[in-house]
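*Asks:* After the structure tokens below, expect a handful of questions from me.
Since every read-out is calculated from the coordinates, none of them should be taken as a lab result. The shown structure was predicted, so the numbers you read here are calculated from the model rather than taken from an experiment. FYI the Cβ positions are ideal-geometry reconstructions off the backbone, even for glycines, and counts take in every protein chain you see.
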Amino acid sequence: MSTLDRLEQTIAARASASAEESYVAWLNAKGVGTIAQKLGEEATETVIAALTGSDEELVGESADLLFHLLVLLQAKGVSLEQVLAELDRREGVSGIAEKASRKEG
């Protein structure tokens, strides 16, 4: 089992805890809008770390970004497996061709 799989399981388990006991539960209690906003903040912090920070800062912010993405996916009922299946589907397809195919549908 991969690190992301274990993290997804931990997030699912903590979603039903009390907001006082779990950051994941607290985020879920605040709702998808708050979770999405937090994900956006982490994305911005990751970009800033990539441009001006150290490798350690980039690693830390990237971990925060992945964590919050998994929290959002869980809140929306989307599994990591679904996301990975989409990445598998896109494998070997030019980014330009893939993007163009989304406009057609």
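*Asks:* Select from the range 47-77 the residues that are over 14 Å from residue 7 (Cα atoms) and in contact with an Asp or Glu (Cβ under 7 Å, 6 or more places away or on another chain) and list them in ascending order.
*Replies:* 49, 61
*Asks:* Applying the selection to the range 33-52, what residues are polar (S, T, N, Q) and closer than 15 Å to residue 69 by Cβ? Spell out the reasoning first.
*Replies:* The first filter runs over the range 33-52 and keeps only residues polar (S, T, N, Q), leaving 34, 37, 44, 46, 52.
Passing the criteria: 34, 37, 44, 46.
*Asks:* If you don't mind, there's one more thing I want to ask. Among the residues of the range 44-62, what is the count of those that are part of a helix (DSSP H, G or I) and surrounded by 15 or more Cβ atoms within 10 Å (Cβ to Cβ)?
*Replies:* 8
*Asks:* Let me ask something else. For the range 42-54, check the following and say yes or no: at least one residue is closer than 20 Å to residue 86 by Cβ and not polar (S, T, N, Q).
*Replies:* Of all residues in the range 42-54, those closer than 20 Å to residue 86 by Cβ come to 43.
If we keep only those that are not polar (S, T, N, Q) too, we end up with 43.
Looking through the range 42-54, at least one residue is closer than 20 Å to residue 86 by Cβ and not polar (S, T, N, Q).
*Asks:* Please specify each residue of the range 13-24 satisfying the condition of being under 15 Å from residue 77 (Cα atoms) and either surrounded by 14 or more Cβ atoms within 10 Å (Cβ to Cβ) or among the hydroxyl-bearing types (Ser, Thr, Tyr) (or both).
*Replies:* 14, 15, 16, 24
*Asks:* Being touching a residue at least 12 places away in the same chain (Cβ under 8 Å) and part of a helix (DSSP H, G or I) is the filter here, so list the residues in the range 74-105 that pass it.
*Replies:* The first filter runs over the range 74-105 and keeps only residues touching a residue at least 12 places away in the same chain (Cβ under 8 Å), leaving 74-76, 79-80.
Within the range 74-105, 74, 75, 76, 80 meet the criteria.
*Asks:* Which of the residues spanning the range 1-30 are without any contact (Cβ under 8 Å) to a residue 12 or more places away in the chain and assigned to a loop (DSSP other than H, G, I, E, B)?
*Replies:* Result: 1, 2, 16, 17, 18, 19, 20, 21, 22.
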